[in-house]
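Have a look at the structure below, then the notes.
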Amino acid sequence: MALLPTQGPACGEVPYTKQACLSVGSFVKIKGTPAMPFSKDTQMQVDFHTGNEEDSDIAFHFRVYFGRRVVMNTRQGGKWGEEVKSTVMPFEDGQPFELAILVQPYGYEVSVNGREYYKFPHRLEPGHVRMIQVWREVSLTSVYVI
Ligand code: GAL
């Protein structure tokens, strides 16, 4: 089921912001390439915001420290929740990637390059998400919300 599809090329620029309404079954697909070598503390951040402002609550925060680790969390009322970390690093230096986030009833199912990466249980209602932001050192090819 497609809910308010907002698809289109991202033109590579970050911070990239997209209005989006999510519900169970929604699918966010982000294609890009790290903009710098991993040795330069290259990062990517994906935030699912519950409002259009950058200081709104974050239902899902996915921050990649390329070559090192991935940090996931939520932010409510300006305060970060309990951080989840993974040192599994499916992103490759200089290589294009596809990050897919599927909204499941229990949480966000994250895959990288078609392989399941992490299941992050919902802490905030995904139906409250209004805006997706992708930023830091990444060159975007496309961002789709289906
Ligand atoms: C902080 C970082 C935030 C966010 C948070 C997640 O250290 O400054 O951007 O990643 O961790 O727990």
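Structure notes:
- Inspection of region 46-54 finds a residue satisfying the criterion of being closer than 21 Å to E13 by Cβ, of a type outside the set (A, V, I, L, M), without any contact (Cβ under 8 Å) to a residue 24 or more places away in the chain and open to solvent by 50 Å² or more (accessible area, probe 1.4 Å).
- Scanning region 88-112 for residues that are among the aromatic types (F, W, Y) and open to solvent by less than 50 Å² (accessible area, probe 1.4 Å) turns up F91, F97, Y108.
- Looking across region 55-76, just one residue is open to solvent by less than 10 Å² (accessible area, probe 1.4 Å), away from the ligand (no atom under 13 Å from the Cβ) and not aromatic (F, W, Y), and that is A59.
- Condition check for K85: open to solvent by 70 Å² or more (accessible area, probe 1.4 Å), in contact with a strand residue (DSSP E or B) (Cβ under 8 Å, 6 or more places away or on another chain), more than 25 Å from C21 (Cβ to Cβ) and not β-branched (V, I, T): yes
- Selection within region 95-133 - aromatic (F, W, Y) and more than 20 Å from G67 (Cα to Cα): Y106, Y108, F120
- Matching residues, region 42-54, being away from the ligand (no atom under 12 Å from the Cβ) and either in contact with a Lys or Arg (Cβ under 9 Å, 6 or more places away or on another chain) or part of a strand (DSSP E or B) (or both): T42, F48, H49, T50, G51, N52
The values are calculated or read from the model by the stated rules, or taken from the named source; none is laboratory data. The structure displayed is predicted, hence computed values, not measured ones. Positions of Cβ are generated from backbone atoms using ideal geometry, with glycine treated the same way; all protein chains shown enter the neighbour counts. When the accessible area is computed, the model is the full protein with side chains, heavy atoms only, and any ligands, DNA or RNA have been set aside. Shrake-Rupley method; radii C 1.70, N 1.55, O 1.52, S 1.80 Å.
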